[in-house]
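Just so it is clear, none of the values below were taken in a lab; they were calculated from the coordinates. A quick note: this is a predicted structure, and the numbers were derived from the prediction, not measured. So basically every Cβ, Gly included, is an ideal-geometry build from the backbone, and we count neighbours across all protein chains shown.
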Amino acid sequence: MLDVADKKTFRSHAMKRNMYLSTLLLLSFALMSGLAGVARGADVPAALPDPSKPPPKDLVLRDDAKCTRCHDEADNPRVLAIGKTRHGVQADKRTPTCTSCHGDSDSHINKPENVKERPKADRQFGKDSTTPVGERNQACLTCHQGGKRIHWSMAAHATNDVSCTACHQVHSRRDPVRDKVAQSEVCFACHKEQRAQLSRPSRHPIKEGKVVCSDCHNPHGGAGEKMLARDNVNDTCYQCHAEKRGPFVRSHQPVQEDCSICHNPHGTTNPNLLKVRPPFLCQSCHEPTTHHATAPVGSAVGGGNPSTPQAVIMARGCVNCHTNIHGSNNPADGAGRGFRR
């Protein structure tokens with residue numbers, strides 16, 4: 001049997017042992033919590049999901065719940081409108097996710113505790129984006145390669161650091177650049193000279209939506225000049241003006257070479273999109289001294305008999321006689337005159 005002194009000593013040792021064990025358990029718990037915080041990232045709070053709330057569901061795209069918990073229909077611009085575009089077709093396996101374009105953006109989704117303002121997404125596409133243009137475009141080129149975009153890397157838009165989103169609105173149900181009536185306004189934002197030309201009397205019906213810029217130009221680049229839809233000017237024009245293609249018995253050399261020698265396709269103040277009205281356009285190649293275009297005989301300048309045929313040719317239009325100027329199947333007459341009816 002223990003006496004009173006021994007009992008007090010025994011109780012004192014027991015209390016010290018219990019305090020030691022309690023301290024050891026607290027230290028162990030603190031150490032485990034610290035290790036868990038390191039595993040998650042020191043800046044990320046250790047928030048456990050609330051079991052009483054159901055997990056968030058995807059609204060538009062696959063795995064978009066982590067984004068749409070904040071970016072909902074109240075956003076401006078309305079990001080959820082992407083569900084009404086080809087990028088929002090869930091049945092298509094090629095359909096991207098939010099992170100396919102904007103990157104994982106971990107720090108944007110889980111805001112660190114030591115920052116006041118939430119960091120931006122890894123890739124941004126707005127006007128104030130700090131993401132390099134090449135990186136932004138690469139997000140699109142990951143899927144949109146080949147075909148009409150095969151020449152993009154050497155195209156004028158790419159070499160001048162024009163981003164895809166400068167023309168396209170990915171989240172919009174109606175992308176203006178794909179609309180026949182609105183497309184020209186997207187192009188005119190940069191191409192001011194062409195806007196002025198297409199306001200002239202003789203022009204293509206672009207404002208009416210019958211012809212669009214992309215009918216002639218491939219904004220993603222081409223093998224020919226001026227980002228044309230075909231490899232050269234003539235083949236591009238022949239898409240609509242097939243009757244000018246020929247072949248003809250008598251071909252007009254400038255017509256075979258380049259339609260834009262005589263025509264300005266964006267618009268002019270002369271009929272038929274001509275750069276200069278006849279006969280001055282014709283005389284830019286055909287010297288007046290080699291044809292009946294000199295001062296008529298019998299005039300104050302030419303003198304002589306005013307009844308000669310030359311008297312009625314001065315300042316007349318060449319196409320009064322040479323109507324088939326793009327090419328003719330009629331052989332030349334004895335005087336070498338061709339391209340007539």
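The table for this structure:
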read-out: Cα-based shape type of the stretch 55-122, given that a ≥ b ≥ c are square roots of the gyration tensor eigenvalues and the cut on a/c is 1.5; value: prolate
read-out: Global geometry of the stretch 148-244, whether rounded, prolate or oblate, following the gyration tensor of its Cα atoms and the 1.5 cut on a/c; value: oblate
read-out: Nearby lysines by direct alpha-carbon distance to Lys210 (threshold 21 angstrom, same-chain neighbours under 8 apart not counted); value: Lys180, Lys192, Lys244
read-out: Local electrostatic count at Gln169 - Lys and Arg +1, Asp and Glu -1, tallied over other residues with Cβ under 15 Å; value: +4
read-out: Alpha-carbon centroid distance for the pair the stretch 73-134 / the stretch 171-235, whole angstrom; value: 30 Å
read-out: Reach of Lys111 by Cα under 27 Å, taken over lysines that are not fewer than 8 positions away in the same chain; value: Lys53, Lys57, Lys66, Lys120, Lys127
